[in-house]
1. Of a type in the set (A, V, I, L, M), in the same structural domain as residue 538 (by TED's automatic domain parsing) and touching a helix residue (DSSP H, G or I) at 6+ places or on another chain (Cβ under 6 Å): does that describe residue 358?
2. Between a first residue in the stretch 386-397 that is assigned by TED's automatic domain parsing to the domain that holds residue 442 and closer than 21 Å to residue 420 by Cα and a second residue that is among the hydrophobic types (A, V, I, L, M, F, W, C) and part of a helix (DSSP H, G or I), which pairs have beta carbons less than 6 Å apart while being 6 or more apart in sequence or on different chains?
3. Please work out which one of (1) out of contact with any Lys or Arg (no Cβ under 7 Å at 6 or more places or on another chain); (2) over 23 Å from residue 831 (Cα atoms) is the condition residue 725 fails and give its number.
4. Only residues that are of a type in the set (Lys, Arg) and surrounded by fewer than 17 Cβ atoms within 10 Å (Cβ to Cβ): list them for the stretch 724-746, please.
5. Against the definition (surrounded by fewer than 24 Cβ atoms within 10 Å (Cβ to Cβ), aliphatic (A, V, I, L, M) and outside any helix (DSSP H, G or I)), how does residue 893 come out, yes or no?
6. Given the condition under 23 Å from the mean Cα position of the chain (by Cα), at pLDDT 95 or above and surrounded by fewer than 19 Cβ atoms within 10 Å (Cβ to Cβ), answer yes or no: does some residue in the stretch 919-927 qualify?
7. Out of 620, 611, 616, report the one residue that is farther than 29 Å from residue 911 by Cα and of a type outside the set (Val, Ile, Thr).
8. Being at pLDDT 95 or above and surrounded by 15 or more Cβ atoms within 10 Å (Cβ to Cβ): is that true of residue 52 here?
Amino acid sequence: MNYKTLQISPQQAENIAFELFEVKGNAKPLPGEIDFNFKIDADNESYILKVSRPDEDPGYLDFQQQLLNYVSHANLIAPKVIKDKSGNDISEITDDSGQKRKVRLLTWISGRVWSSVNPQTDTLRFNLGEQCGALAKALLHFDHAKAHRSFEWDIAQADWTYDYVSYFNKEEKDIISFFQQQFKEAQAGYRQLRKAVVHNDANDNNVIVSEDLQNPVVVSCIDYGDAVYTQTINDLAIVCAYAIMNHNNPLEAALPIVKGYHKNFPLKEEELRYLYVAIAMRLVISVTKSAINKIKEPDNEYLLISEKPAWELLRKWYAISEDYAHFSFRDACGFIAHPNEVDFKDWAAQQAFSVAGLFPDQRIGKVTPVDLSVSSKWLGHEQDFNDHDLFEFKLKRLQKQHPNTLIAGGYLEPRPFYTSSLFERIGNKGKEHRTFHLGVDFWLPAKTPVHCFMEGEVFTAVLDEGEKGYGGLIILKHKTPSFEFYSLYGHLSKDSVQHFNVGDVLKKGDKIGELGTSAENGGWVPHLHFQLLLSMLSYKNDFPGVAYHSELPVWESICPDPGLLFTSQGLNRHKEMLNNEIITYRKEHLGKSLSLQYKVPIKMVRGAGQYLVDQYGKKYLDTVNNVAHVGHEHARVVKAGQEQMSLINTNSRYLHENINQLAKELIETLPPELNVLHFVNSGSEANELAIRMMKAATGERDIIASEVGYHGNSNMCIDISSYKFDGKGGKGAPEHTHIFPLPDSFRGKYRGRDAGKLYADEVKKCIEQVHDKGRKVGGLIVEPIISCGGQIELPDGFLKQAYAYIREAGGICISDEVQVGCGRVGKTFWGFQLYDVVPDIVTIGKPLGNGHPLAAVACTQEVADKFANGMEYFNTFGGNPVSCAIGTAVLRVVKDEKLQQNALEIGAYLKTTLNELAEEFPIIGDVRGQGLFLGIEFVDKEMRPLAAHADYTINRMKDHGILMSTDGPDNNVLKIKPPIVFTKDNAEELIFYLKKILAEDFMRAY
């Protein structure tokens, strides 16, 4: 019968609910494959009304009702059966065409359907697995005759799909046929798996999630219409198939589900072997049904709802090795990932192989380890380890220091080399790189012979043009009484692979080949990459030599430590101090006021441009570290410091040209009035010195500063920093500090066109307060863009008028450029230049040293002369040759690499794009700042600050590999002040993930 003829209208549904169940309410249609479903909203409760098709089997409906009644006695939230007026679980109507239709009423489970929840985190997927596992456990002993039925949605009965392969194009046929063939081959073992009645349909519209937006949990599974007696593993396969759609890495997304399911319904090892193909066959059923239904019921949109995401997932699943998925599922359930790992280790412990057996010509059995990890000091700067000639020289020098040993190491070592796109993927949480080395490298000269340590059969012998560079690759298969394993030899000469065919047998001691030259191996310094494999997965002519950190436990099981084979001492695996050990020591021995960034802190061991790198080689895009002004560990800056450090570092009482060179570079950037410099070590010292200068120049102590201003951590700086003395632990403004309101024209005391004048008048009021106490004003200190205040741009006309008031009162003007200076604002080199003013003193800090402790105070000749009153100013380290060399390099890099222009262009792009984002997401109340010194303020519709949303954002951005931070008196402002080497690609990545997170449920609810 025509689908539209069978449909029930909302009005009809309301009448049915009232007439049969005495439930009066409004009806809203719901999707359904077979039944016609409606939500009935009554006065105090909601229900779901289910009207069957005319030909529905009453026994099947009885099965569903009995199943629901059975589940209701378990400790689970599930729909409950509502009896009709006559006490029946199943009622009946006659429709307009005179046909009998069965009717059921169930309680409504409140919450959100899974498909509407954003984000679907690992924690939530684990909880989904828990809930579905608990339901499977509850149903384990339930049975009903109608559960043993012929049912197309039962994975065990998926062979019906074989007849419909012709419905698909060639690419689709290849994928479907591949999985169908796997399913056929699996039948002998698959059919022996345990069986029970299972829910069988935990799709993304049948899973209910709580309304809690920040910490959601799975409440219930609904719609038991597809329940069937089948292999219990099929139930988990269905849960996974729908919950891992729309993820870049579906296998990774499945693992928390499997882990949670196993927690409440322990899975058996033999079941996990078939989970991969069961997931695939559920998807094959789905896309086949969609193909059929396009013809059968083109108007039923519900039947096509999963077609596109199902195909996307099938393509991704097809690219995943079945064995690798199996090992991953085992690991998620707490089993040893590779079933042969323990056997291999036991066998290896009984052997007496020697490293010397690999290289008998060397007659060396001892090893000297070399550290090539991300945190290796031996490896040095990125520019150094990418210089292959230098790298080879250092290895030869290390060999001379340790004669009669083999230089080797690297197993499970996270390395910084693998930064190209070849080793990169976009995962479920942003970019990630394969950084963990799965073998051992032996660093020996080219042409060194390599021999077989035990008998093996040639599995592959090819010229490797993959990730290991150009050269020879040989993989041998070895047999023991109980298992097989493989050994891999990479970076051989090209000639080495010409002598073997697949299947050739090499005996212990036979020559495998020779190490290739650098030219043969893509520039790599000659070495042997030696790796053990317990499985080749789906690889034929190659095998990964490095792994992603997130997958390390599985790869460690597949590729055991080569050191297990050899008795040689020194072939040790890489070890890092655990983060919790570092945290524990900090808590015990470091000041309690020292805080850590993020709810889950990160250990950083390396910097590279606009990135910070943790101990696992994960790269984080740094959007907040303005200290690394020209990029973390900029090669020219590092080299300048190293070169001068190797010569001399002493104080400024001795002559040295470096201090003059830095002075010249700085003076070139400043107005001619500011031509005297004093060098110090930090922004705090710079501001401390500026205040001393003010007092010496004016003879006054009273200073005016902004609300929520921050100028340093010394006593004098704290005394002028409202951010500190008005915050936690503070005691308010000292006697000689006078605070004017934060000049915020967005949410401050004054807003609109005249805000600048009105805030300047507040400065004037502070002057009058000083005069009322019978004293005079020493000066004004303010940042050109107030950082801790929330990246506050000063209103038009404010600074010029405020300076005029201060000078009229006999004070001097100090511009704190510690955070905004040195080209960051883009339009100008210094922040004060944005407002067409010239201060009397400029303090310079963080950017100048690019992470090295270096700062400066620039002032007018008049101020300098008054400061030179006979009391010598001396700073032991201020202006030392090393610091000055570094500062000079920083300023020259800004100029040579046109980084001020970069800050202008990228900052403008970011600001424009962020404003466009604000149109889509009203939570962004204001976007402000200049260049690469920007602020994004989160407010609700009543302009109330949204600190929790800002905190949520920075932690979610960190999850995606982007470092952000908050600022402002209400901690509701995201600050963007990255190294000014930040690129447009970086900006686009930032915007992409910011948009992704702004679309999440918690962010939209304000």
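The values are calculated or read from the model by the stated rules, or taken from the named source; none is laboratory data. Keep in mind that what you see is a predicted model, and the values were worked out from it rather than measured. Neighbour counts are summed over all protein chains in view; Cβ atoms, including those assigned to glycine, are modelled from backbone coordinates with ideal geometry.
1. Here the answer is no, as residue 358 does not meet what is asked.
2. Pairs that qualify, where the first residue is assigned by TED's automatic domain parsing to the domain that holds residue 442 and closer than 21 Å to residue 420 by Cα and the partner is among the hydrophobic types (A, V, I, L, M, F, W, C) and part of a helix (DSSP H, G or I), are 391/385.
3. The single condition residue 725 does not satisfy is (1).
4. Across the stretch 724-746, the qualifying residues are 728, 731.
5. Here the answer is no, as residue 893 does not meet what is asked.
6. Among the residues of the stretch 919-927, at least one is under 23 Å from the mean Cα position of the chain (by Cα), at pLDDT 95 or above and surrounded by fewer than 19 Cβ atoms within 10 Å (Cβ to Cβ), which makes the answer yes.
7. Matching residue, one of 620, 611, 616: 616.
8. no
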